[in-house]
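Structure first, commentary second.
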Amino acid sequence: MTHPNRFGRPARLLHWSMALLILAMLFIGVAMVTSLADYGTLVALHRPLGVLILLLAVLRLANRWHRPPPPLPADLPLWQRRAAHASHVALYGLMLAMPLVGWAMLSAARIPVVVVGPLVLPPILPQSPMLYARLRELHTVLAYGLFGLILAHLGTALMHGLIRQDGVLSSMAPWRSRRSAEDF
């Protein structure tokens, strides 16, 4: 049984799996632009991981609509509630936009998006060097935005866990806090 003040097991599993994948993708992306020697290997990892993140983001959204998150603490100021909502909308938007922009960018360059083995995604845009260049720049800008949003998300989670100690961090934590273990 899921506690009303804790995310369900599927939501926690998706959250932490995606957190690891997205951080890996950001570091792979940085390495791709700084390493010519390993570029091919890094790209071969980056593309299928992007597709996986897109699929998991869709699953995560479906799970969130089916099982809404626990409520925020009642004493949380309205501006913080609104900021939490806006940041989650932005995170989900970027988790969907980043892989879609990457796929579109590669489509515009007519570079195949190999998922695994012979499985290749079809192009979603016509070939266009100008469009490729713009989408590549957009992909980079979105990556920086995602990294900044992740830092803000982490900082806020730590503020809830270490300063406010209001159960927000433990609601998504993969471990059970003493308080939530006693509530079961």
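So the values come out like this:
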quantity	calculated
Region 39-65, subset under 18 Å from Ala143 (Cβ atoms), of a type in the set (Val, Ile, Thr) and within 14 Å of the chain's Cα centre (by Cα), residue surrounded by the most Cβ atoms within 10 Å (Cβ to Cβ)	Ile53
Criterion: part of a loop (DSSP other than H, G, I, E, B) and either over 19 Å from Ser171 (Cα atoms) or in contact with a Cys (Cβ under 8 Å, 6 or more places away or on another chain) (or both) - qualifying residue of Ile53, Ile124	Ile124
Selection count, region 18-38, where residues are open to solvent by less than 90 Å² (accessible area, probe 1.4 Å) and either at pLDDT 90 or above or in a helix (DSSP H, G or I) (or both)	13
Some residue of region 89-109 being under 30 Å from Pro71 (Cα atoms), open to solvent by 60 Å² or more (accessible area, probe 1.4 Å) and part of a helix (DSSP H, G or I)	yes
Single residue of region 137-179 satisfying the filter (aromatic (Phe, Trp, Tyr) and under 30 Å from Ala109 (Cα atoms)) that is surrounded by the most Cβ atoms within 10 Å (Cβ to Cβ)	Phe147
Single unsatisfied condition, Arg12 versus (1) open to solvent by less than 30 Å² (accessible area, probe 1.4 Å); (2) touching a Pro at 6+ places or on another chain (Cβ under 7 Å); (3) assigned to a helix (DSSP H, G or I)	(1)
Only listed residue being among the small types (Gly, Ala, Ser) and within 15 Å of Ile53 (Cα to Cα), chosen from Gly93, Gly145	Gly93
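The values are calculated or read from the model by the stated rules, or taken from the named source; none is laboratory data. What you are looking at is a predicted structure, and each value in this text was computed from that prediction instead of being measured. Cβ sites come from the backbone with ideal geometry, for glycine too, and all protein chains shown count toward neighbours. Surface areas here come from the heavy atoms of the whole protein model, side chains and all, with no ligands, DNA or RNA. Shrake-Rupley method; radii C 1.70, N 1.55, O 1.52, S 1.80 Å.
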